[in-house]
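Below is one structure; the comments refer to it alone.
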Amino acid sequence: MIEMRLADVAAVTGGRLHRASGEERVTAVEFDTRAIAPGGLFVALPGERVDGHDFAASAVAAGAAGVLAGREVDGPAVIAPPVARWTGTYLDAHDRDGSGAAVLAALARLAGHAVRALPGTTVVGVTGSSGKTSTKDLLAAVLAPLGPTVAPPGSFNNELGLPWTALHADAATRHLVLEFSARGPGHIAGLAAAVPPRIGVVLNVGSAHLGEFGSPAAIAQAKGELVEALPEDGVAVLNADDPAVAAMAVRTAARVVWFGRASDADVRAEDVGLEAGRARFTLVAAAGRARVALPLVGEHHVGNALAAATVALELGGTPDGVAAALGAAVPASQWRMEVTDRADGVTVINDAYNANPESMRAALTALAAVGEGRRTWAVLGRIAELGETSVAAHAAVAELAAALGVDELVAVATEDYPGARCVGDVAEAVALLRAELAPGDVVLVKASRAAGLERVAAQLLRETGLVSP
Ligand SMILES: Nc1ncnc2c1ncn2[C@@H]1O[C@H](COP(=O)(O)OP(=O)(O)O)[C@@H](O)[C@H]1O
Ligand SMILES: [Mg+2]
């Protein structure tokens with residue numbers, strides 16, 4: 001982050017100084033008191049169990065230069081101005097007085113100010129229903145060789161994680177990669193107005209959060225807000241294989257560059273093959289061709305890799321350089337297609353971070369590919385937030401598992417999968433697998449976040465020694 005005085009923070013955010021001289025030097029922004037070091041600006045937010053405002057004094061004791069707060073706190077602070085309409089942030093359930101929304105709005109302004117002060121930094125935004133985090137990690141992998149790159153850890157993609165990430169950029173940063181998520185209309189537009197991207201990637205439009213959005217058209221409308229925010233000299237990187245994404249071309253002032261398997265895509269994959277579930281393909285672009293071998297499991301990563309490659313080629317990468325970086329990309333964010341071989345020959349695929357119908361399809365397809373000639377298990381929990389499409393969507397998953405030849409379908413804490421063997425909870429799932437798994441079996445574990453099925457994977461991996469991470 002570029003250094004600022006607390007008085008500058010107040011000026012940029014429209015806030016007022018409280019118990020502060022304004023001369024305090026801010027060199028980092030943190031929302032977790034454990035991460036506060038001298039010079040830190042502590043972002044106080046209400047949470048499910050505790051309210052960050054109550055930790056102002058301990059943040060200051062840990063060296064914080066001040067606190068960005070929604071109301072007066074015990075220490076030097078900038079008090080963010082209240083926002084008129086404050087519902088709609090990810091905090092809503094805990095934000096009784098709107099102080100959280102005020103702080104998030106101030107943080108957005110601060111991040112926007114900080115990034116605008118960095119003309120040498122290209123902001124790359126990525127959105128889509130599935131694959132944002134995976135693609136963000138691939139983008140970091142392909143852009144890092146081209147220059148200093150800042151990208152968020154994990155899935156920092158909302159009104160807190162996105163500006164927090166942006167504030168990590170400094171004068172040396174060439175690329176700032178940001179993940180844009182939406183739980184409803186206007187969210188991406190809001191984030192993009194705060195920290196405007198010059199390059200915007202849209203991966204796909206699926207049915208994640210369909211219950212909240214209401215219709216696939218509403219999801220497409222929301223994802224397309226990213227390319228609507230691009231400037232004329234920007235680049236919209238769009239998936240030629242997804243009609244709902246292709247339709248976004250008319251919604252942007254930016255130049256459009258197409259990626260995909262389609263033969264007319266600007267950056268495309270040819271001769272796609274799978275080896276133990278890992279995709280190999282020839283990357284084809286105007287600049288040339290190069291063979292790519294992805295270490296990531298799942299054919300769905302071809303599209304993600306093409307999206308990342310398109311951005312890297314726009315920013316000066318060569319096909320050979322991009323192919324090498326993609327070939328070295330390891331899963332960087334946890335619980336997404338983490339494939340581990342146990343010493344006894346059982347393979348565990350931990351894809352338990354989250355689930356929607358499209359990522360279920362991708363994961364089951366990968367299970368079938370990895371498990372070719374072996375006994376395969378799909379240990380699945382509920383897919384949340386599907387609204388009235390829920391029953392049909394779960395039935396379709398069960399049908400797909402059968403069609404792909406998945407041998408055992410185990411449903412954890414749900415009766416939504418027709419024909420599945422049902423267990424009540426994680427412990428019962430682990431007990432069943434302990435009793436029945438045999439050497440050589442492949443187990444996929446996947447559900448929406450709330451199910452916490454990574455615990456099944458963790459238990460299975462605790463059983464015996466591991467061969468490869
Ligand atoms: N292009 C894709 N199409 C379908 N599923 C995908 C794609 N990319 C990743 N996935 C799967 O979607 C799930 C979430 O991946 P992640 O990269 O965290 O996406 P997001 O950040 O959009 O939630 C994982 O199970 C992952 O394997
Ligand atoms: Mg994500």
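The values are calculated or read from the model by the stated rules, or taken from the named source; none is laboratory data. This one's a predicted model, so the numbers in the text were calculated from it and none came from an experiment. All Cβ positions, glycine included, derive from the backbone under ideal geometry; neighbour counts span all protein chains shown. Remember, those area values only see protein heavy atoms, side chains included, never the ligands or the DNA or RNA. Shrake-Rupley method; radii C 1.70, N 1.55, O 1.52, S 1.80 Å.
Per residue, the average separation of C-alpha pairs within less than 8 Å and at least 6 apart gives segment 118-327 a relative contact order of 19 percent.
Report in % the part of the accessible area of the chain that belongs to carbon and sulfur, leaving out ligands and nucleic acids; probe 1.4 Å. Please report the intermediate quantities before stating the final value.
On the way: 9630 of 18250 Å².
It is 53 percent, rounded to a whole number.
If you take every DSSP beta bridge fully contained in the chain, what fraction is antiparallel? Give it as a percent rounded to 5. Antiparallel bridges make up about 35 percent of those DSSP assigns within the chain.
Nearest-5 percent of antiparallel DSSP beta bridges in segment 118-327? Provide the component values of the computation, followed by the final result.
Working: 13 of 35 bridges.
DSSP beta bridges in segment 118-327 are roughly 35 percent antiparallel.
Compute the helix-to-body angle for 301-314: its Cα long axis versus the longest principal axis of the chain, expressed 0 to 90° and rounded to tens. That helix lies at roughly 40 degrees to the long axis.
Annotation for segment 89-167: trypsin sites (Lys or Arg not before Pro) lying in DSSP loop with at most 16 further Cβ atoms inside 10 Å of their Cβ are Arg96.
Which of the GluC sites (Glu not before Pro) found in segment 373-469 are loop residues per DSSP with 14 or fewer other Cβ atoms within 10 Å of their Cβ?
Values: sites: Glu385, Glu388, Glu399, Glu408, Glu415, Glu428, Glu436, Glu454, Glu463; in loops: Glu385, Glu415, Glu463.
Of the GluC sites (Glu not before Pro), the ones in loops of segment 373-469 whose Cβ has at most 14 other Cβ atoms within 10 Å are Glu415.
Think of segment 118-327 as having a plus end and a minus end, set by charges on the Cβ of Lys, Arg, Asp and Glu; of Gly298, Gly211, Ala247, Gly298 sits farthest toward the positive end of this dipole.
Heavy-atom accessible area with a 1.4 Å probe sorts His187, His301, His113, largest first, into His113, His187, His301.
Work through the residues other than Val50 whose Cβ is under 14 Å from its Cβ and net out their charges, Lys, Arg +1 and Asp, Glu -1.
Working: positive: Arg34, Arg49, Arg96; negative: Asp32, Glu48, Asp51, Asp54, Asp95.
Here the charged neighbours net out to -2.
Placing unit charges on the Cβ atoms only, positive for Lys and Arg and negative for Asp and Glu, gives the chain a dipole magnitude near 660 debye about its Cα centre.
For segment 11-78, applying the loop criterion from DSSP together with a ceiling of 15 other beta carbons within 10 Å to the GluC sites (Glu not before Pro) yields Glu23, Glu48, Glu72.
Per residue, how much accessible surface does segment 338-468 expose to a 1.4 Å probe? Answer in Å², no decimals. Don't skip to the end; give the middle numbers.
Details: 5410 Å² over 131 residues.
That works out to 41 Å² for each residue.
Just the number, please: percent antiparallel of the DSSP beta bridges in segment 1-117, rounded to the nearest 5. Spell out each step's value before the answer.
Working: 6 of 15 bridges.
So the antiparallel bridges amount to about 40 percent of the total.
If you take every residue apart from Met337 with its C-beta less than 12 Å away from the C-beta of Met337, what net charge results, scoring Lys and Arg +1 and Asp and Glu -1? For residues surrounding Met337, the net value is -1.
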